[in-house]
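**Q** Quick one: this structure, given as structure tokens, is what I'll be asking you about.
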Amino acid sequence: MSNPVTITAPDGLPFVDIEREFDFPVEKVFLAHKDPALLSQWSGPRGYEMDIKEYDFSTGGRYRFVHRDPEGAEYAFRGVFHVVRENEFAIQTFEFEGYPDVVSIESITFESLDGGRTRVKAHAVYPTMEARDGIVASGQAKGVTEGYERLEEALSAL
């Protein structure tokens, strides 16, 4: 059974917190975020394809990718990895090119748990409440939930 994902967008605060546990060791969960071939297998909602244009999951690295939905519509994202610590955490910017000039700062933490399990926590801070609410309304919960389900499937195949 899949572990639940918790997404919290508190009233009046311009951030979103996401948390989920995985029944895999932190090294595998981190690798699935670091390796572009693995990332493309799970990131985003079911039915979407991911075309990675650039991806360097290291301190100072950059990324840009495009999600393509089943009807062919494209959604491009880009950012910079400010800090990446192997199997621990990353701090990055995140920009949906469909909302130019709205950049969030995100941190993701990989926490090793007993029994070879991992807790992933993400914290995204937006420049305004309007920006935060726009991301939430755009289907963020569906993309995150289905993406993490797909991540679990990709990890099972490793």
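**Q** Does Ser156 qualify as being among the polar types (S, T, N, Q), in a strand (DSSP E or B) and either on the phi < 0 side of the Ramachandran plot or touching a residue at least 24 places away in the same chain (Cβ under 8 Å) (or both)? I'd like the intermediate steps shown before the answer.
**A** Values: among the polar types (S, T, N, Q): yes; in a strand (DSSP E or B): no; either on the phi < 0 side of the Ramachandran plot or touching a residue at least 24 places away in the same chain (Cβ under 8 Å) (or both): yes.
No, not satisfied.
**Q** Starting from region 1-24, take each residue that is in a strand (DSSP E or B) and modelled with pLDDT under 95 and list its partners that are open to solvent by less than 60 Å² (accessible area, probe 1.4 Å) and among the hydrophobic types (A, V, I, L, M, F, W, C), counting only C-beta distances under 8 angstrom and pairs at least six apart or across chains.
**A** The qualifying pairs do not exist here.
**Q** Condition (residue is closer than 16 Å to Asp35 by Cα and either surrounded by 15 or more Cβ atoms within 10 Å (Cβ to Cβ) or in contact with a Phe, Trp or Tyr (Cβ under 9 Å, 6 or more places away or on another chain) (or both)) applied to region 127-148: is it met by at least one residue? Quick ask: steps written out before the conclusion?
**A** First pass over region 127-148, keeping only residues closer than 16 Å to Asp35 by Cα: 147-148.
From what is left, the residues that are either surrounded by 15 or more Cβ atoms within 10 Å (Cβ to Cβ) or in contact with a Phe, Trp or Tyr (Cβ under 9 Å, 6 or more places away or on another chain) (or both) are 147-148.
Scanning region 127-148, I find at least one residue that is closer than 16 Å to Asp35 by Cα and either surrounded by 15 or more Cβ atoms within 10 Å (Cβ to Cβ) or in contact with a Phe, Trp or Tyr (Cβ under 9 Å, 6 or more places away or on another chain) (or both), so the answer is yes.
**Q** Output yes when any residue across region 44-54 is more than 22 Å from Thr145 (Cβ to Cβ), open to solvent by 70 Å² or more (accessible area, probe 1.4 Å) and free of Cβ contacts under 8 Å to residues at least 60 places away in the same chain, and no when none is.
**A** yes
**Q** Looking only at region 35-60, which residues are part of a helix (DSSP H, G or I) and small (Gly, Ala, Ser)? Working first, answer last.
**A** Just the residues of region 35-60 that are part of a helix (DSSP H, G or I), to begin with: 36-42.
Within region 35-60, Ala37, Ser40 meet the criteria.
**Q** Checking Ala131 against (1) more than 18 Å from Pro45 (Cβ to Cβ); (2) at pLDDT 95 or above; (3) not in a loop (DSSP other than H, G, I, E, B): exactly one of these is not met. Which one?
**A** (2)
**Q** For region 113-121, check the following and say yes or no: at least one residue is closer than 16 Å to Glu152 by Cβ, among the small types (Gly, Ala, Ser) and either crowded, with 17+ Cβ neighbours inside 10 Å or out of contact with any Pro (no Cβ under 6 Å at 6 or more places or on another chain) (or both). Please lay out each step first, then the result.
**A** Restricting attention to region 113-121, the residues satisfying the condition of being closer than 16 Å to Glu152 by Cβ are 113, 115-120.
If we keep only those that are among the small types (Gly, Ala, Ser) as well, we get 115-116.
Right, trim to either crowded, with 17+ Cβ neighbours inside 10 Å or out of contact with any Pro (no Cβ under 6 Å at 6 or more places or on another chain) (or both) and you get 115.
Checking region 113-121: at least one residue is closer than 16 Å to Glu152 by Cβ, among the small types (Gly, Ala, Ser) and either crowded, with 17+ Cβ neighbours inside 10 Å or out of contact with any Pro (no Cβ under 6 Å at 6 or more places or on another chain) (or both).
**Q** So, Ala32, is that one in a helix (DSSP H, G or I), surrounded by 15 or more Cβ atoms within 10 Å (Cβ to Cβ), in contact with a helix residue (DSSP H, G or I) (Cβ under 9 Å, 6 or more places away or on another chain) and modelled with pLDDT of 95 or more or not? Let's see the steps before the verdict.
**A** Working: in a helix (DSSP H, G or I): yes; surrounded by 15 or more Cβ atoms within 10 Å (Cβ to Cβ): yes; in contact with a helix residue (DSSP H, G or I) (Cβ under 9 Å, 6 or more places away or on another chain): yes; modelled with pLDDT of 95 or more: yes.
Yes; evaluated as a whole, the condition is true for this residue.
**Q** What are the residues in region 62-96 that are part of a strand (DSSP E or B) and exposed (fewer than 14 other Cβ atoms within 10 Å of the Cβ), if any? Spell out the reasoning first.
**A** Step one: list which residues in region 62-96 are part of a strand (DSSP E or B), which gives 62-68, 74-85, 89-96.
Correct list: Glu74, Val83, Arg85.
The values are calculated or read from the model by the stated rules, or taken from the named source; none is laboratory data. None of the values given here were measured: they were computed from a predicted structure. Because the Cβ atoms are built from the backbone with ideal geometry, glycine has one as well, and the counts that use them run over all protein chains shown. What goes into the accessible areas is simple: the full protein's heavy atoms, side chains included, and nothing from ligands, DNA or RNA. Shrake-Rupley method; radii C 1.70, N 1.55, O 1.52, S 1.80 Å.
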